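Reviewing the structure listed below.
The values are calculated or read from the model by the stated rules, or taken from the named source; none is laboratory data. As the structure is a prediction and not an experimental result, all values here were calculated from the model. Note that we place each Cβ from the backbone using ideal geometry, even for glycine, and neighbour counts take in every protein chain shown. Note: areas computed on protein heavy atoms with side chains; ligands, DNA, RNA excluded. Shrake-Rupley method; radii C 1.70, N 1.55, O 1.52, S 1.80 Å.
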Amino acid sequence: MSLVAISDLHVRHADNRAFTEALRPASDDDWLLVAGDVAETSDDILWAMELLSERFSTVVWTPGNHELWTSPRDPVQLRGEARYRHLVEALRGLGVHTPEDPYPVWPGPDGPVVVAPLFVLYDYTFRPEGARTKEEALAVAHASGVVCTDEYLLHPDPYPSRDEWCRARLDYTRKRLDALDTDAPTVLVNHFPLVREPTRVLHYPEFAQWCGTEATADWHTRYRARAVVYGHLHIPRTIVVDGVPHIEVSLGYPREWGPRPKPPEGPRPVLP
C-alpha cells in the first residue's frame, strides 16, 4: 500500500494522454494524489480523473491554474469560483477528494497521516529582484516578454483580482488546517509550491510571481508536514526545507520530458 503523486498531466497532448492511459497502481490499495494541471477543458479533466479514480483505491485532487482557465475551446464557459465549484462537484461524483471535502486520513505505512489538498493560488509576492509591488513585478514581466497565460484565461470572478481570490483561499484554508488535531501529521498537496525555494532555478525568474505566495512559507512546519507535494514548475525533483521533503511530481509537456535520457516514470512515491 503506497501513497503516490503526480501532476501536470496536460492530457490534451497525445503523448501525455497515452502516458496517462498507461498509469496503473502497483497495488489495489494505492492512493493517488493529483496536484493539478490535468488539462484545460472540462471534458479532458473528467476523462482523466474518471480513469484514475477507477484504478486507484483513493484519489485526491487539487486544481492547477490550467483547470481554472476559461478556454474558448471548452464548452463549459464558467469563470473563476463558479468554474472551480463546477469541477469540485463533478469530481465528487467520481468519488475524488477535493479541497472542499473532509481531509482523508492515510492509514498505510507511516500513517495515520492527514492528507490535505490545498487550493491557495498565488498573490504576486514571489517578485523579481528589485520589484517592491505587484505592479512593479508585472511591469518587469511584460518588459521581458514573460507573462503567464493566467493573465488572460484565469478569471478571478467574483473577486476583483487573482491575489484577492488567493487571500480568501488562504483564510479559508488556514481555518481548516488550524482545526486539525495538533498532534496530527500531514501531507500537504498544492499545485503551487508552498515555499519560494523551488522557483530559484527557473530559467525565467519573472515567472515566479505566478508560482505561489509568501503567506504559506511556514506551513510545512506549522502543520506538521511529513511531506509537501506540488507541481506547476515542470521541474520534477525533491528538495528538503526545514527537514521536510518538498516533492515536485509534475510530468510536464512532451517537449520537456521527451529529450530526457530516461522516459518519465509513473507517480512518485510520497509514503512510505
statement: If the chain between SER71 and ARG237 were fully extended at 0.36 nm per residue, the gain over the current Cα-Cα distance would be 56.8 nm
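For the range 39-172, what does the convex hull of the Cα positions come to per residue, in cubic angstrom?
Roughly 144 Å³ of hull volume per residue.
About the Cα centre, and with charges only on the beta carbon of Lys, Arg (+1) and Asp, Glu (-1), how big is the dipole of the chain? Nearest 20 debye, please.
For this selection, approximately 320 debye.
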- line: When all Cα-Cα pair distances of the chain are considered, the percent exceeding 35 Å is 10 percent
- prompt: Roughly speaking, to the nearest percent, how much of the range 137-178's 1.4 Å accessible area is carbon and sulfur?
  reply: 53 percent
- request: Using just the helices of the chain, give the 222 nm mean residue ellipticity in deg cm²/dmol: DSSP H runs with n ≥ 4 each add -39,500 (n - 2.57), and the total is spread over all residues, rounded to 500.
  value: -8000 deg cm²/dmol
- prompt: How are the C-alpha pair distances of the range 160-266 spread across 5 Å bins, as whole percents from the shortest bin up?
  reply: 2, 11, 21, 21, 19, 13, 8, 4, 2, 0
message: Please report the net charge: other residues with Cβ closer than 13 Å to the Cβ of THR213, K and R +1, D and E -1.
response: +1
task: Could you tell me which of TYR122, GLY145, HIS232 has its Cα farthest along the dipole of the chain towards the positive end, charges placed at Cβ (Lys, Arg +1; Asp, Glu -1), taken about the Cα centre?
output: GLY145
Beta bridges by DSSP in the chain, antiparallel share as percent, to the nearest 5: 30 percent
Full-stretch length increase - LYS262, ARG85 - with 0.36 nm per residue and alpha-carbon distance subtracted: 59.9 nm
statement: Expressed in angstrom, Rg and Dmax over the Cα atoms of the range 167-225 are 12.9, 40
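On average, how much accessible surface per residue is there in the chain, in Å², for a 1.4 Å probe, leaving out ligands, DNA and RNA?
Counting only protein heavy atoms, the per-residue value for the chain is 42 Å².
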- line: Note: the range 226-272 at 10 °C, 1.306 mPa s; Kirkwood Rh on alpha carbon pairs; Stokes-Einstein D in µm²/s works out to 137 µm²/s
